[in-house]
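Peer 1: Below: one structure in structure tokens.
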Amino acid sequence: MRKQLLDDLKIPEFGEIKIEIEEKIRQSDFNWTILGDAPAFEMFFTFTSKGRMTVPGGGLNAFPTISPEDVGEITAQIVMRDDLNGKRIKLTGPKAYSFPEVAKLMTDISGTIIKHMTIPLFIIKIVSFLLLLFIHFVRYLYKSLKMLNQFPTDLAKNVPKDHKLLRKLFDYEPVTLKMEINRRFNKNNLDRSQQGRAKKHIRG
């Protein structure tokens, strides 16, 4: 979270609690280590259905993501160590991706065409205002999407360097986005195959 970015996007309240808590921790006497956790790979799959990746705002800026398994492994190792006091460590996979790049990656790996489609972000903004009195989450979603679509390019460029530091500090084999795409599409193909065999057995 960058306060200046939040102010520029006119969504300062989106990250103010997180920024305040981190600052309190930094000023404390605790043996602290702060983890700057990137979004999970699930981000890409959430917007993908039936051969379409439909993204509010388009998601054209690359941003870091990470496997939840990697977050768990790194966190477990940090808890057992006492040499990381006073450090803020960015948790990320080896590469930053934009939504269009991931749609192409899914297409290449799965052999199934995944079309990237854009929904104007202002539509989510209008809906969030209309539902503000009833469902606050939509407003939160709009703010997160707005920040995601304006993700700083300098932070994205630093992702390989941040990941290299993780590999130096911790003993683990990262789960890459390519591996996760492969796993999910293979699982879906296997599920469909099993369903097909089951139907054939029932008919027989």
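Peer 1: Can you give me the number of residues within the stretch 8-17 that are exposed (fewer than 12 other Cβ atoms within 10 Å of the Cβ) and either in a helix (DSSP H, G or I) or at pLDDT below 85 (or both)?
Peer 2: Residues meeting the conditions: 3.
Peer 1: Answer yes or no as to whether Ser144 is assigned to a helix (DSSP H, G or I), of a type in the set (Gly, Ala, Ser) and buried (at least 18 other Cβ atoms within 10 Å of the Cβ).
Peer 2: For Ser144, the condition - assigned to a helix (DSSP H, G or I), of a type in the set (Gly, Ala, Ser) and buried (at least 18 other Cβ atoms within 10 Å of the Cβ) - is not met.
Peer 1: Would you confirm, using the coordinates I've provided, whether Lys50 is loosely packed, with under 15 Cβ neighbours inside 10 Å, on the phi > 0 side of the Ramachandran plot and free of Cβ contacts under 8 Å to residues at least 24 places away in the same chain?
Peer 2: When the stated conditions are applied, Lys50 passes them.
Peer 1: List the number of the failed condition for Lys115; all other conditions in (1) in contact with a strand residue (DSSP E or B) (Cβ under 7 Å, 6 or more places away or on another chain); (2) surrounded by 15 or more Cβ atoms within 10 Å (Cβ to Cβ) hold.
Peer 2: (2)
Peer 1: If I ask for residues that are within 16 Å of Leu145 (Cβ to Cβ) and surrounded by 16 or more Cβ atoms within 10 Å (Cβ to Cβ), which ones from the stretch 55-96 would you list?
Peer 2: Val55, Pro56, Gly57, Gly58, Gly59, Asn61, Ala62, Phe63, Thr65
Peer 1: Moving on to the next point. State whether one or more residues within the stretch 129-139 are part of a helix (DSSP H, G or I) and either within 25 Å of Ala156 (Cα to Cα) or touching a Pro at 6+ places or on another chain (Cβ under 6 Å) (or both).
Peer 2: No: zero hits.
Peer 1: Still on this model: Within the stretch 91-113, how many residues turn out to be in contact (Cβ under 8 Å) with a residue 60 or more places away in the chain, among the hydrophobic types (A, V, I, L, M, F, W, C) and over 14 Å from Glu180 (Cβ atoms)?
Peer 2: Residues in the stretch 91-113 being in contact (Cβ under 8 Å) with a residue 60 or more places away in the chain, among the hydrophobic types (A, V, I, L, M, F, W, C) and over 14 Å from Glu180 (Cβ atoms): 3 in total.
Peer 1: Counting only residues that are under 30 Å from Lys115 (Cα atoms) and among the polar types (S, T, N, Q), which one in the stretch 1-49 is nearest to the chain's Cα centre (by Cα)?
Peer 2: Thr46
Peer 1: In the stretch 129-175, what residues are touching a helix residue (DSSP H, G or I) at 6+ places or on another chain (Cβ under 9 Å), of a type in the set (Val, Ile, Thr) and modelled with pLDDT of 90 or more?
Peer 2: Scanning the stretch 129-175 gives a single hit, Val175.
Peer 1: While we're looking at this one, here's another question. Taking the stretch 61-88, which residues are of a type in the set (S, T, N, Q) and over 16 Å from Glu180 (Cα atoms)?
Peer 2: Result: Asn61, Thr75, Gln77, Asn85.
Peer 1: Inside the stretch 21-47, can you point out the residues that are of a type in the set (Val, Ile, Thr) and surrounded by 15 or more Cβ atoms within 10 Å (Cβ to Cβ)?
Peer 2: Thr33, Ile34
The values are calculated or read from the model by the stated rules, or taken from the named source; none is laboratory data. Predicted, not measured: the structure shown is a model, and the values here were computed from it. In this analysis, Cβ positions are derived from the backbone assuming ideal geometry, glycine residues included, and neighbour counts consider all displayed protein chains.
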